[in-house]
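Report on the following structure.
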Amino acid sequence: MNYASIKDCDIANGTGVRISLFVSGCTHHCKGCFNEATWDFNYGEPFTKEIEDKIIKMLEPSYIKGLTLLGGEPFEPSNQAVLLPFIKRIKEIYPNKNIWAYSGYLFDRDLLNESRAHTEHTLELLSYIDVLVDGPFVLKLKDISLKFRGSSNQRIIDVKKSLEENKVVLYEL
């Protein structure tokens, strides 16, 4: 897996001050995407153990609330395989830091059920994610007044509660 960039002190992609990892590779190709360069799976730099270690060090300060995964598409099958051990490692080191993820796939339709995005890694990866912003960006539904999402079709989902209750539970901001 490649990554496009890492942002420290990010306040735009989840609650609190966060570290954001922009992965490369996306097959959605949403019209009006803010990050078209990350559609290419080969864009950016290789995601190595050294980069993992760097992000883990960046997460250390107490004022950092957590990590956000976006891109590109974290739930592209090839990205899931790389992200799972990394996210598991973060949760072992920082159990109180939260993890947000952005996906153009729908939580209940694509990630929990048989689909192109549902792999042998999906459910375990979701078990480590606290909040998922799901759904493709839809240009005609763009709304800059929305918190943490680009278009009104996208949902901010409390993943833990949704998995417990076996239904989509929206995250309360």
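The values are calculated or read from the model by the stated rules, or taken from the named source; none is laboratory data. Predicted, not measured: the structure shown is a model, and the values here were computed from it. Positions of Cβ are backbone-derived with ideal geometry, glycine not excepted, and every protein chain shown enters the neighbour counts. Remember, those area values only see protein heavy atoms, side chains included, never the ligands or the DNA or RNA. Shrake-Rupley method; radii C 1.70, N 1.55, O 1.52, S 1.80 Å.
When only Cα pairs below 8 angstrom with a gap of at least 6 residues are kept, segment 1-105 shows a relative contact order of 32 percent.
Of the GluC sites (Glu not before Pro) in segment 102-169, the ones in a loop by DSSP (not H, G, I, E or B) with at most 16 other beta carbons within 10 Å are E114, E120.
DSSP bridge analysis restricted to the chain gives an antiparallel fraction near 45%, rounded to the nearest 5.
Among the lysines, which have Cα under 29 Å from the Cα of K49 when same-chain residues fewer than 8 positions away are ignored? The qualifying lysines are K7, K57, K65, K88, K91, K97, K160.
Translational diffusion coefficient of segment 53-147 (Stokes-Einstein, Kirkwood radius from Cα pairs, 20 °C, 1.002 mPa s): 151 µm²/s. Rg/Rh for segment 94-173 stands at 0.97; both radii use Cα atoms, and Rh follows the Kirkwood definition. Can you tell which of K161, K97, K49 shows the greatest fluctuation in a Gaussian network model of the chain with Cα springs below 10 Å? Largest GNM mean-square fluctuation: K49.
Think of segment 1-94 as a dipole: +1 on every Lys or Arg Cβ, -1 on every Asp or Glu Cβ, centred on the Cα centre; then among T48, A12, V82, A12 lies furthest on the positive end. By accessible area, using a 1.4 Å probe on protein heavy atoms only, segment 1-81 has 53% of its surface on carbon and sulfur. Mean projected area of the convex hull spanned by the Cα atoms of the chain, taken over all viewing directions: 9.2 nm².
Once the convex hull of all Cα atoms in segment 1-52 is built, its volume per residue stands at 84 Å³.
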